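Have a look at the structure below, then the notes.
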Amino acid sequence: MIKVSPSILSRDFTKLGAECDRIVKAGADMIHIDVMDGNFVPNITIGIPVVADLRKVSDAFFDVHLMIDRPDRYVKRFCDAGADMLTFHYENYGSDEDRIKVINAVKECGKKAGISIKPATEPEKLFSLLDKVDFVLVMSVEPGFGGQKFKEHTPDTIAKIKKYADKIGKTDLMIGVDGGINAETGTLCKNAGADVLIAGSYVFGSRDCAAAIASLK
């Protein structure tokens, strides 16, 4: 079953609590929270206090995407703040040993662990980690800004990850895709094996958010 996780990066930050409530009522399965630090990516968004405040007013599933340097330093704090799933980038570290330490730290907090790759990273590099994570996030744009154009090779990347996950019996792996998602690109990704579609502009920019979300499922 396809899950839709609208990205609040596209929203008015003065109304985030109300927007989270509105989008869940419109059919969202998760809330995607983009955390950027101006170093790992060239933009700055929100941090731990905002996640904690949103958790006070929402019981939605918080899908938190860490686009920051050294995410290992912040795992427990984001989990304590209310993240239900914490995703960091493969590109953050030079060795699987370090990546596994982050994955384990997330799981020790009782949360789901995800790993993401940028568009230029070969999906095969993730294969040794697939049995250790709950979620793989394929970036279909360069991380850092919303509203970018979907990269055409993304479905092929998803299909390779899905094929290998099936090969090793990792049937519970969720595969998500983020960037340039709409009804058309969403269908391409679903057909390739994606389980979670992350959409910001397409959902929040629609006059009818419920219809936009339904068109992705």
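The values are calculated or read from the model by the stated rules, or taken from the named source; none is laboratory data. Quantities reported herein were computed from a predicted structural model and do not represent experimental measurements. Glycine gets a Cβ as well: all are built from the backbone with ideal geometry, and neighbour counts include every protein chain shown. We work out accessible area using only protein heavy atoms, side chains counted, and drop any ligands, DNA or RNA first. Shrake-Rupley method; radii C 1.70, N 1.55, O 1.52, S 1.80 Å.
A compact table of results
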item	result
Accessible surface of T187 - all protein chains present, 1.4 Å probe, nearest 10 Å²	60 Å²
Counting DSSP beta bridges with both ends in region 16-109, the antiparallel % (nearest 5)	10 percent
Accessible surface of region 82-195, 1.4 Å probe, proportion on carbon and sulfur as whole %	46 percent
Nonlocal amide H pairs with F61, under 5 Å, H built at 1.01 Å	I31
Amide N of region 122-143 lying under 12 Å from the label point, which is placed 7 angstrom from the Cα of I100 along Cα→Cβ	128-133
Solvent accessible area, Å² - F127, 1.4 Å probe, full protein context	40 Å²
Selection from A165, M139, L216 lying farthest towards where the dipole of the chain points positive, charges on Cβ	L216
Structure-based [θ]222 nm, the chain - -39500 (n - 2.57) summed over DSSP H runs of at least 4, per residue, nearest 500	-10000 deg cm²/dmol
Cut-off 14 Å between beta-carbons: net charge of the residues surrounding G38, Lys and Arg +1, Asp and Glu -1	-2
At q = 0.27 Å⁻¹, base-10 log of I(q)/I(0) for region 11-69 (Debye sum, equal scatterers on each alpha carbon)	-1.16
Listed residues Y202, Y90, Y164, most fluctuating in the chain (Gaussian network, C-alpha, under 10 Å)	Y164
